[in-house]
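Here the structure comes first, spelled out in structure tokens, and everything after it is commentary.
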Amino acid sequence: MLAFLGRSFVQKLITLFFISVISFAVIYLAPGEPSQVDPLNPKFTKEVVERFRQQFHLDKPLHQQYLLFYRDLFTGKSVSWKDGRSVLAKIYERFLNSLPLFIVGTLITWTLSFPVGIQAAISRGGGYDRSTTFLAYLLISIPGFFFAYILIIFVVNTFHVPVIGMRTFGLSGAGLATRMMDRVWHLLIPSILGATAGIAVLSRYVRGQMLEVESQDYVRTARAKGLPEEQVHYKHALRNALLPFVTMFGLVLPGLIGGSVIIESIFAWPGIGRMAYEAILARDYPVIITVNFISAILVLVGTFLSDLLYMVVDPRIKL
Amino acid sequence: MQDSGSEHTLSTEALDLPARQTRLQEFWAQLRKNRLALIGLVIFVLFFIVAVTGMVLTTGTSPQLDSSLVRLQEKLRPPLSRPNLKSLQADEVPVLGIYLLGTDELGRDVFARMLQGAWVSLTVGFVAVGIAVLIGIILGGLSGYYGHSPVRVAQVFIAVLVVLVVTNWSRLSFKTLAVLISITVALAVFLLFSRKKEFGGPLFLLNTQLFSVDMLITGLIDIMLCFPSFFLILTVVALLPASIYNIMIVIGLTSWMGAARFVRAEFLSLREQDFVTAARALGVSDWRIIFRHMVPNAIAPVLVSATIGIAGAILTEAGLSFLGFGVPPPHATWGNILSDGKNYLFDAPWLTIIPGVAILVVVLSFNLFGEGLRDILNPKLRERH
Amino acid sequence: MTPDPLLIVKDLKVYFDTDQGMAKAVDGVSFRVGQGETVCLVGESGCGKTVSALSILGLLPQPPAQIAGGKVFFKGRDLLELEQKDLREVRGREISMVFQEPMTSLNPVFTIGHQIEEVITTHEGVDQIESRQRIIRLLNDVGIASPEERMQDYPHNLSGGQRQRVMIAMALACSPELIIADEPTTALDVTIQAQILNLFKELQEDRGMAILQITHDLSVVAGVADRIYVMYAGIMVEEGSVWQIFREPCHPYTMGLLESLPGRRAKGQDLATIPGAVPDPANKPPGCPFHPRCRYVQESCRVQFPEMCDFSDRHLARCPIMYAKRKVQSA
């Protein structure tokens, strides 16, 4: 068990090193020498390139650049070009804003996907299965921003509530209940939108897992023992089908950043995804590179967590 | 059993061979049972035709607009409205004599722009996925076929030295460069000879293996999977000059991991099968084995992931366009028609709804067809239905 | 032999809807199992013996399978007509099954104690202490050492033979009158096979339940069976007592099976095999399904489906050709 953990940890460390190298290498996509400023690329003026050289120590040898880059990052020396604040502090602040959106979205995804996927697998080939299958494909295929606009028009027209931003301004005089409901509406719509693709993918995956397990010998054994169908499905099959999902719990972490760019932009939600988008618009390179690096680390931490969780739930790995 | 996989590739291209006809018929019979996949295929073909006719019917990338109209209300016209024939040149009249899908905020014919956009979306999807599949097949194939081959210390040194030299070309003095290059050459020579001879002492260290090719490539896949793909694409596209080619290349370079994994898994299991062993025993060259025997067998899952990948690429392009980093004007894509239209959401809802629904339908058809293809090409799954 | 058999399977037909058409996996199979008897269903893999066994308890997934006809009487009730709820009462309590693959037939995420306990608590209202004692006794009976500790184990802690013992303990838990054992020893080592077969024998002597053994291995049959049914391509080709079948097999297929047993031939001689392969159940040959592989084949075999012929006392075989031959010989 410890050996397994140790191996996983070392592996993750090696991956981490390469992730840091790649994140760092991204800055090389920008032109390196002021003389090489591409006249066709209006994003790079001479001043920008000069600033670039200084911030990323481009005049030093490569390995020093790499080390200096991460030293600056972790000591808070690496600052946003836009407002001069430390990149890490900035990200942390926005991260806290994104957190409720992420938690509600994940909760919606997981609580909906499982019943839907399991039910579809049990009634395989039936009407419920077919319609949820089609619905899942529909949700996967719909462009997120298009769906967002449809949903905004619908909600605004039907319930007459504002949904853009984190809260409605000028409500401070209103009662507590009104303010609470205001926050809930503002939180709910983007969360649902963020969850749609996840629900579609996860419920398909749950269905596949469930079907896989339902064809196993031990499910037949359970039936041969005379157990009621509910016990066969929800105890013997489900417990086995759930195993891989426990590990997926670690993998929701990266959704914190990656999935939220478009939705946070549409809803003007001051979260990490919107910050990243704004950074790209403002060519705030230290922020852009750091966000990439941190989200890759989140994935790595997520996979490590899922290794850990797997050990807890699967009796075969225990030692 | 021997050619159980090659049928899939051949069945699509070898229409005229009677021996393969039955395979195609079988495929067709399977497809007809899967109604969703069939609908997907029909829409897919329609989309293809639309995209090609769009190239022919419309005037390339130049916008079709009525320059006599000045005010916004005049320019934004709902679907099925008649154009002002007096002010239009002969070649500016929309295809069917009416603005089938209305006009946009510049008075451009949305139908014509949608046709152009179909072509661009299709190109982006196919080229991006083509790049991804190519990388996937090469890396996945290398990893699956040569997976056990060791990577030796000397080879790693060479790689590091080459990277150092190339990246620091202008910063290092002539002397250091010369030293670095000569060390690299010396190592290369050493590698050439070390295959024949046993080296003792410290030189032996250079020849020890560090890891295998397979570990290298799967490691690379894992690393690439760590990056949030959409944001990485956004970053790279934002750093590079805006162009449709950059978008295709970047989407391709960040989405090859799935294909590589499939090909690797397929190759690993094919390697052990009798017909490959037999071919190897007959002295058939590695390249021939890979391209004549293994790639055709491994192509089925790649085809599936490619179909679904095209859907993903179209969505990604639309997302990029929406954020303002997509295909730059004057190219029309469904993504930038939509993102331009969002400013007139209430005055001209068709500008949002038409491209939105179009993207939805096309992406849906690719997804449905891809899933159907997966079911058909995977006999194990077929039994379950 | 008891006059009233425990299980009577009559003209059972199970079809599968496949891409190639309707596969008649079981096409009119009849057999009976008397109280306390051991009956063997023998045949090559794919002949429909497992499908027959599974359909007795309604364990075949439908679709793709469908019961196209026949009756399965257990103690006078037709199991095929029963409601799901009543059928569940029968499963595990009156008829239980032991499957071929002990490696995959136990649920990997529950302890073996729990899996046995489930059978007891589902069918009998028994409190925890009593069921625990019963589990320990059962595990003891099937030859698992220190059952108190082992019942906390997960299946992956046990060897294949031990898992099969657990499966048997699970089958015995509610003292059923019939145990259907579907190739219980095929996946095991030869030495373990003998142990498991002996275990079945001992248990039967102690408890007196009937056993329906399903196997492709005639050598397994010889030691344990009271009565043998030989299946081929979804039909019954011969039935009789062990003595009858081994002494004077009447169907050419049974003869071929017996000849292919090692030890039947002199040393140095090649083992006999039956030429050809089992027909595809979706398109069986017309007439007698065995005729393409039969060395006594005659013109009539290719067109006419053969009748069961009564060779001697309850020894039947589906081969009019051999019947005629024997008649001539004995006359």
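The values are calculated or read from the model by the stated rules, or taken from the named source; none is laboratory data. Everything numeric here is computed off the predicted structure, so don't read it as measured data. Virtual Cβ from ideal backbone geometry, glycine too; neighbours counted across all protein chains shown. We work out accessible area using only protein heavy atoms, side chains counted, and drop any ligands, DNA or RNA first. Shrake-Rupley method; radii C 1.70, N 1.55, O 1.52, S 1.80 Å.
In summary, A:Ala222 fulfils each of the numbered conditions (1) out of contact with any strand residue (DSSP E or B) (no Cβ under 8 Å at 6 or more places or on another chain); (2) open to solvent by 20 Å² or more (accessible area, probe 1.4 Å) with the single exception of condition (2).
The residue of the range B:268-318 that is farthest from the chain's Cα centre (by Cα), among those that are among the polar types (S, T, N, Q) and over 29 Å from B:Leu351 (Cβ atoms), is B:Thr277.
So which residues in the range C:79-115 are within 13 Å of A:Tyr218 (Cα to Cα) and in a helix (DSSP H, G or I)? Hits for the range C:79-115 are C:Pro102, C:Met103, C:Thr104, C:Ser105, C:Ile112, C:Gln115. Within the set B:Val70, B:Val95, the sole residue that is touching a helix residue (DSSP H, G or I) at 6+ places or on another chain (Cβ under 7 Å), surrounded by fewer than 20 Cβ atoms within 10 Å (Cβ to Cβ) and at pLDDT below 75 turns out to be B:Val95.
Scanning the range B:345-373 for residues that are more than 8 Å from every other protein chain (Cβ to nearest Cβ), without any contact (Cβ under 8 Å) to a residue 60 or more places away in the chain and assigned to a loop (DSSP other than H, G, I, E, B) yields B:Phe346, B:Pro349.
Among the residues here, A:Ile272 does not qualify as open to solvent by less than 40 Å² (accessible area, probe 1.4 Å) and either within 15 Å of B:Val236 (Cβ to Cβ) or modelled with pLDDT under 85 (or both). The set of residues in the range C:141-164 that are more than 19 Å from C:Asn107 (Cα to Cα) and not in a loop (DSSP other than H, G, I, E, B) comprises C:Asp141, C:Glu148.
Scanning the range A:83-116 for residues that are in a helix (DSSP H, G or I), open to solvent by 70 Å² or more (accessible area, probe 1.4 Å) and not hydroxyl-bearing (Ser, Thr, Tyr) turns up A:Glu93, A:Leu96, A:Ile103, A:Leu107, A:Leu112, A:Pro115. Please verify whether the range C:46-64 includes one or more residues that are of a type in the set (Val, Ile, Thr), in contact with a Gly (Cβ under 7 Å, 6 or more places away or on another chain) and outside any strand (DSSP E or B). No, that holds for no residue. In the range C:39-62, the residues that are within 14 Å of chain A (Cβ to nearest Cβ) and closer than 16 Å to C:Tyr15 by Cβ form Cβ pairs under 6 Å with partners that are among the hydrophobic types (A, V, I, L, M, F, W, C) and part of a loop (DSSP other than H, G, I, E, B), at six or more places apart or across chains, as follows: C:Leu54/C:Leu60.
Scanning the range B:333-344 turns up at least one residue that is of a type outside the set (D, E, K, R), within 20 Å of the chain's Cα centre (by Cα) and not in a helix (DSSP H, G or I). For A:Glu212, the test of being surrounded by fewer than 20 Cβ atoms within 10 Å (Cβ to Cβ), within 14 Å of chain B (Cβ to nearest Cβ) and modelled with pLDDT of 80 or more is passed.
Please tell me if B:Phe126 is open to solvent by less than 60 Å² (accessible area, probe 1.4 Å), modelled with pLDDT of 70 or more and at negative phi. Taking the combined requirement at face value, the residue does not satisfy it. Just one of the numbered conditions (1) more than 7 Å from chain A (Cβ to nearest Cβ); (2) acidic (Asp, Glu); (3) in contact (Cβ under 8 Å) with a residue 24 or more places away in the chain is not true of C:Glu81: (3).
Only one of the numbered conditions (1) surrounded by fewer than 18 Cβ atoms within 10 Å (Cβ to Cβ); (2) among the aromatic types (Phe, Trp, Tyr); (3) away from chain C (no Cβ under 14 Å) is violated by A:Tyr234, and that is (3). The condition (being part of a helix (DSSP H, G or I) and within 9 Å of chain B (Cβ to nearest Cβ)) is satisfied by just one residue among A:Phe154, A:Phe145: A:Phe145.
The condition (being in contact (Cβ under 8 Å) with a residue 40 or more places away in the chain, at the interface with another protein chain (Cβ under 10 Å from one of its Cβ atoms), open to solvent by 20 Å² or more (accessible area, probe 1.4 Å) and not aliphatic (A, V, I, L, M)) is satisfied by just one residue among B:Gly312, B:Gly341: B:Gly312.
When each of A:Gln119, A:Gln65 is tested for being open to solvent by less than 20 Å² (accessible area, probe 1.4 Å) and either out of contact with any strand residue (DSSP E or B) (no Cβ under 9 Å at 6 or more places or on another chain) or modelled with pLDDT under 80 (or both), the lone residue that passes is A:Gln65.
For B:Ser321, the test of being under 23 Å from the mean Cα position of the chain (by Cα) and either more than 29 Å from B:Gly40 (Cβ to Cβ) or within 14 Å of another protein chain (Cβ to nearest Cβ) (or both) is passed.
Matching residues to (1) at pLDDT 85 or above; (2) part of a helix (DSSP H, G or I); (3) touching a helix residue (DSSP H, G or I) at 6+ places or on another chain (Cβ under 7 Å); (4) aliphatic (A, V, I, L, M):
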| residue | (1), (2), (3), (4) |
| --- | --- |
| C:Val126 | no, no, yes, yes |
| C:Ile135 | yes, yes, yes, yes |
| C:Val166 | yes, yes, yes, yes |
| C:Pro184 | no, no, yes, no |
| C:Ala187 | no, no, yes, yes |
| C:Gln193 | no, yes, no, no |
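Of the residues screened, B:Ser182 is not one that is of a type in the set (Ser, Thr, Tyr), modelled with pLDDT under 80 and open to solvent by 40 Å² or more (accessible area, probe 1.4 Å). Taking the range B:245-273 as the range and being touching a residue at least 12 places away in the same chain (Cβ under 8 Å) and open to solvent by 20 Å² or more (accessible area, probe 1.4 Å) as the test, the residues that pass are B:Ile249, B:Leu253, B:Ser255, B:Gly258, B:Arg261, B:Phe262, B:Arg264, B:Ala265, B:Glu266, B:Leu268, B:Arg271. Residues in the range C:232-260 that are more than 25 Å from C:Val51 (Cα to Cα) and surrounded by fewer than 19 Cβ atoms within 10 Å (Cβ to Cβ): C:Trp243, C:Phe246, C:Arg247, C:Glu248, C:Glu259. Restrict the check to the range B:222-241 and report whether at least one residue is among the aliphatic types (A, V, I, L, M), more than 20 Å from B:Ala311 (Cα to Cα) and not in a helix (DSSP H, G or I). Yes; the residues of the range B:222-241 include at least one that is among the aliphatic types (A, V, I, L, M), more than 20 Å from B:Ala311 (Cα to Cα) and not in a helix (DSSP H, G or I). Exactly one residue among A:Arg283, A:Arg220, A:Arg204, A:Arg183 is over 25 Å from A:Leu308 (Cβ atoms), touching a helix residue (DSSP H, G or I) at 6+ places or on another chain (Cβ under 6 Å) and of a type outside the set (Asp, Glu), and that residue is A:Arg204.
Within the range B:324-334, restricting attention to residues that are touching a residue at least 40 places away in the same chain (Cβ under 8 Å) and more than 8 Å from every other protein chain (Cβ to nearest Cβ), which residue is surrounded by the most Cβ atoms within 10 Å (Cβ to Cβ)? It comes out as B:Thr333.
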